[in-house]
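Taken together, the values in this text are just the output of simple stated rules run on the coordinates, not laboratory data. Predicted model, so just to flag it, every value in this text is computed and none were measured.
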Amino acid sequence: MQPEQSQQWHGTTILSVRKGDSVVVAGDGQVSLGQTVIKSNARKVRRLAHGEVISGFAGATADAFTLFERLEAKLEQHPGNLTRACVELAKDWRTDRFLRRLEAMMAVVDRNVSLVLTGTGDVLEPEDGLIGIGSGGNYALAAARALIDRDDVDAEAIARRAMAVAAEICVYTNDNIILEQLAP
């Protein structure tokens with residue numbers, strides 16, 4: 001194995017929790033190169049469309065910034081229609097020669113819908129309002145599913161606890177959590 005190939009970027013946990021009238025997107029801050037933590041406070045969750053949309057990314061940082069910019073442009077073309085903007089971005093992502101090389105996934109939410117976007121052209125809406133992507137995504141998703149039916153916790157509390165669980169299990173996830181929320 002070539003030395004360049006053995007050094008892979010790892011580290012992201014993005015979780016979205018929709019409960020009641022609230023939706024939260026949380027992301028950890030760790031960026032790793034191989035077995036080394038490069039940065040512990042990366043911001044992987046962003047507000048778009050004048051704060052009406054929240055997106056989190058898993059993947060290469062430069063690729064994520066490109067996708068944030070492209071999604072912002074699609075949201076300007078299709079204001080108030082997140083699903084249409086994401087479908088248009090997914091089409092470009094899959095067919096554009098430059099975009100096809102991007103390695104990332106995105107969780108994107110607004111007040112009405114939660115979506116996962118992939119480089120293979122998928123725009124997926126989970127039936128339970130929960131999204132987990134990245135290296136610790138499945139751990140956070142499982143923890144959120146265990147908590148979602150409890151009446152004594154809201155979306156933010158579920159996201160914070162589930163991200164803490166992921167940080168305890170996944171070596172590419174830390175407990176420096178950035179959380180953005182759309183509340184009623």
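Summary of values
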| item | result |
| --- | --- |
| For the chain, built as a Gaussian network whose Cα springs stay under 10 Å, the top-fluctuating residue of L82, L124, L115 | L124 |
| Gain in span if fully extended, V171 to T118, counting 0.36 nm per residue against the direct Cα distance | 16.7 nm |
| Largest-first principal axis extents, alpha carbons of segment 105-148, Å | 29, 26, 14 |
| Rg/Rh for the chain, where both radii come from Cα atoms and Rh is the Kirkwood radius | 0.97 |
| Gaussian network model of the chain, Cα within-10 Å springs - most flexible of I38, I54, I14 | I38 |
| HN-Hα J in Hz across segment 176-184 - Karplus 6.51, -1.76, 1.60, θ = phi - 60°, x for Gly and Pro | 8, 9, 9, 10, 10, 9, 10, 10, x |
